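J.: The structure follows.
Please treat every number below as a calculation from the coordinates, not as lab data. Since the model is a prediction, treat every value here as computed from it, not as a measurement. No Cβ is skipped: glycine too gets one built from the backbone with ideal geometry, and neighbour counts run over all protein chains shown.
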Amino acid sequence: MIDNKEKNFVSAIVYVHNAENRLEKFLGAIISQLENNFEHSEIICVNDHSTDGSLAKIKDISNKVTSTSISVINMSHFHGLELAMDAGMDLSIGDFVFEFDNTILDFKPEMIMEVYRNALTGFDIVSASADKRERLTSSLFYSVFDSFSDNDYEMTTESFRILSRRVINRISSMNKTIPYRKAVYANSGLKTNIIKYSVEAHDNVVRDKKELKYRKGLAVDTLILFTELGYSFAKVMTIVMMLMSVLMIAYTVFIYVAAHPVEGWTTTVLFLSFAFFGLFGILTVIIKYLQLIVNLVFKRKHYNFESIEKLTK
């Protein structure tokens, strides 16, 4: 037991979806770290419409807690990770907030305090990431995201993170609807850091079909909303199709001069070539307008600052 406990109030938001078999070990590790190191702490479990005994397990664990406050938010139906964590964030009151996106304990519990202490050195967002090879789908997603976004922050798979209250206040002042928290954090303009850890042995986790379907949809929505992927694809296709239209026009003129096409063929082909040329030009303009609307809705802050320093008295 540590005598000089931390004075900061910390919250831990835990996403729970059909995690009955992992909860006791996972929550036990978090509770132990919080009670041994902080004077005041809370754990908010967001039960995303679990169909197993997750809720009963949480209630059973809460009966053994001495000082840490434990709350449960039961979602009315399956919302997915992002909306569920938003609900937990709205309820949290900590000076620092831990976000645990899953209940897989593949790190040493002491990693929680290492991340916290790193945040005290001046970082507003500190993430813990497993020092292992990413899955192919995750690697592909982050590569595309980094390539088509203007972030200096390199996205990667994270197990959990800690946020200062300053981050939460800044995000709250932006659009309330946050389709992908990690992208918003990366664009917050505040200091971030990632700590790598060696993976500990843990039970294999099989995600249910509903959660896998949600994550695939989230990946697509994120690439459309937070990167230039859609617009870049539209520009490339527009250039290709316009070049093809120009070639068709040139070919039509050549056939008209050098051969004897069927009556009306030249006019028809020229019309279609010009029509496709104009159509793809119009579609590009429309896509650009849609991108601007997305920027206005989801990226309304036009500038961000990390800190303010007073250089003169």
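J.: Give the shape of the stretch 1-154 as rounded, prolate or oblate, defined through the alpha-carbon gyration tensor: a ≥ b ≥ c are the square roots of its eigenvalues, a/c under 1.5 means rounded, and otherwise the shape is prolate if a/b is larger than b/c and oblate if not.
T.: Oblate.
J.: Can you compute the modelled spin-label distance between Leu279 and His49, with each label point 7 Å from Cα toward Cβ, in nm?
T.: Output for this residue pair reads 4.0 nm.
J.: Using the charge dipole of the stretch 10-226 (Lys, Arg: +1 at Cβ; Asp, Glu: -1 at Cβ; taken about the Cα centre), state which of Ala119, Thr51, Ile171 has its Cα farthest towards the positive end.
T.: About the Cα centre, the residue reaching furthest to the positive side is Thr51.
J.: Roughly how big is the stretch 10-226's charge dipole about its Cα centre, with Cβ charges of +1 (Lys, Arg) and -1 (Asp, Glu), in debye to the nearest 20?
T.: For the stretch 10-226, the charge dipole is close to 260 debye.
J.: Antiparallel DSSP bridges in the stretch 10-226: what percent, to the nearest 5?
T.: 25 percent
J.: Hey, another quick one. Using each residue's phi in the stretch 72-79, evaluate 6.51 cos²θ - 1.76 cosθ + 1.60 at θ = phi - 60° and report the 3J(HN,Hα) Karplus result to the nearest Hz, with x for Gly and Pro.
T.: Taking θ as phi minus 60°, the curve returns 10, 10, 9, 6, 5, 8, 5, 9 Hz for the stretch 72-79.
J.: Nearest 20 debye, what's the magnitude of the dipole of the stretch 1-103 about its Cα centre given +1 on Lys and Arg Cβ and -1 on Asp and Glu Cβ?
T.: 320 debye
J.: Among Asn187, Leu136, Ile70, which residue has its Cα furthest toward the positive end of the charge dipole of the stretch 68-198, with +1 on Lys/Arg Cβ and -1 on Asp/Glu Cβ?
T.: Ile70
J.: Spin-label point model (7 Å from Cα, Cβ direction): what's the Val65 to Met244 distance in nm?
T.: Result for the modelled spin labels: 6.0 nm.
J.: Still on this structure: Work out the FRET efficiency for Lys5 and Lys132 from their Cβ-Cβ distance, taking R0 = 45 Å, and round it to the nearest 0.05.
T.: Rounded to the nearest 0.05, the efficiency is 0.85.
J.: A further question on this structure: Quick check on packing: order 219-227, 10-18, 34-42 by the mean number of other C-beta atoms within 10 Å, highest mean leading.
T.: Descending mean neighbour count gives 10-18, 34-42, 219-227.
J.: Tell me the net charge near Lys59. Cut-off is 15 Å between Cβ atoms, Lys59 excluded, with +1 for each Lys or Arg and -1 for each Asp or Glu.
T.: Overall, the nearby charge balance is -2.
J.: Would you kindly state how much longer the chain becomes between Leu120 and Thr157 on full extension, computed as 0.36 nm times their sequence separation minus their alpha carbon distance, in nm to one decimal?
T.: My answer for the length gained is 11.0 nm.
J.: Along the Cα→Cβ direction, 7 angstrom out, place labels at Asn36 and Leu91. What is the inter-label distance in nm?
T.: 2.7 nm
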